[in-house]
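The values are calculated or read from the model by the stated rules, or taken from the named source; none is laboratory data. For clarity, every value in this text was computed on a predicted model and none was experimentally measured. Please note: Cβ atoms are built from the backbone with ideal geometry, for glycine as well, and neighbour counts cover all protein chains shown.
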Amino acid sequence: MAKASLSISSRNYSSWSLRGWLLCKFAGLEFETAMVPLNDASARAELLLLSPSFLTPCLTYEGIQVWDTLAIAEFLNEVDPKAGLFPKDRAQRSLCRSICGEMHSGFANLRAALPMNLKTQHRAFKVWAGAQSDVDRITAIWRERLAASGGPFLFGDLTAADAMYAPVCTRFATYEVGLDPASAAYRDRILALPEMQEWIAAAMLEPDEVEELEVEF
């Protein structure tokens with residue numbers, strides 16, 4: 001029996017749930033997944049960006065509860081530093097934390113304009129200036145890190161940074177955002193991960209919909 005569990009909301013819409021789930025997967029943690037129903041007021045508020053804090057995903061490990069994706073990443077790193085969620089080198093580890101933090105606290109225009117939705121496809125989607133500046137910054141991070149690390153991921157091997165930026169890869173695919181070749185290749189590499197394919201397949205089976213996130217652009 002798993003000694004840990006992770007509560008998540010929608011696989012289709014919740015980028016934060018995906019990040020937490022990937023962090024647990026990348027850390028090699030044995031855990032069960034518990035779904036918070038979409039009629040839960042706090043979960044719905046988070047999905048609609050109406051909540052100032054995010055209480056899902058929430059990891060329960062040996063009776064300890066940890067929510068917020070950065071807190072989950074740091075906790076998993078404490079449980080098993082050898083799992084590799086953060087690089088061994090101090091300078092690289094600091095850079096990884098900074099990049100994760102930038103994703104965690106920034107890119108509000110991108111979140112609002114391109115909400116995560118794995119079940120849909122928006123062709124010829126117009127990315128307005130505010131969101132485009134976020135796209136430009138994210139792809140700059142990707143190009144810089146891939147060039148420095150040599151790939152295939154942001155710090156060579158999979159780390160917390162890849163988990164944090166994975167939902168952006170789904171957004172770029174959903175809205176067909178134009179990317180430079182290196183960024184497009186990284187997007188496709190992340191989407192092809194077995195963990196991502198498992199998540200996406202489960203998302204396709206979810207019956208619930210959030211009407212506010214199903215608008216026609």
Report task. Name the residue, out of Arg137, Arg171, Arg123, Arg189, that is surrounded by fewer than 19 Cβ atoms within 10 Å (Cβ to Cβ), among the basic types (Lys, Arg) and touching a residue at least 40 places away in the same chain (Cβ under 8 Å). Result -> Arg123
Query raised in the report: So which residues in region 135-189 are of a type in the set (Lys, Arg) and closer than 26 Å to Asp80 by Cα?
Result: Arg145, Arg189
Query raised in the report: Restricting attention to region 66-87, which residues are modelled with pLDDT of 95 or more and on the phi > 0 side of the Ramachandran plot?
Result: Gly84
**Report entry** Candidates Leu146, Leu179, Leu193 - the one that is aliphatic (A, V, I, L, M), under 20 Å from Gly28 (Cβ atoms) and modelled with pLDDT of 95 or more
**Finding:** Leu193
Query - Which listed residue is assigned by TED's automatic domain parsing to the domain that holds Ser10 and either within 21 Å of Ala148 (Cβ to Cβ) or touching a residue at least 24 places away in the same chain (Cβ under 8 Å) (or both), from Ile99, Ile72, Ile64 - result: Ile72
Query raised in the report: Out of all the residues in region 202-215, is one or more β-branched (Val, Ile, Thr) and either over 25 Å from Ala124 (Cβ atoms) or modelled with pLDDT of 95 or more (or both)?
Result: no
Report summary line: When Leu49 is run through (1) within 26 Å of Gln121 (Cβ to Cβ); (2) surrounded by fewer than 18 Cβ atoms within 10 Å (Cβ to Cβ); (3) at pLDDT 80 or above, the failure sits at (3)
**Report entry** Residues being closer than 16 Å to Thr60 by Cα, part of a loop (DSSP other than H, G, I, E, B) and under 12 Å from the mean Cα position of the chain (by Cα) - total across region 1-38
**Finding:** 0
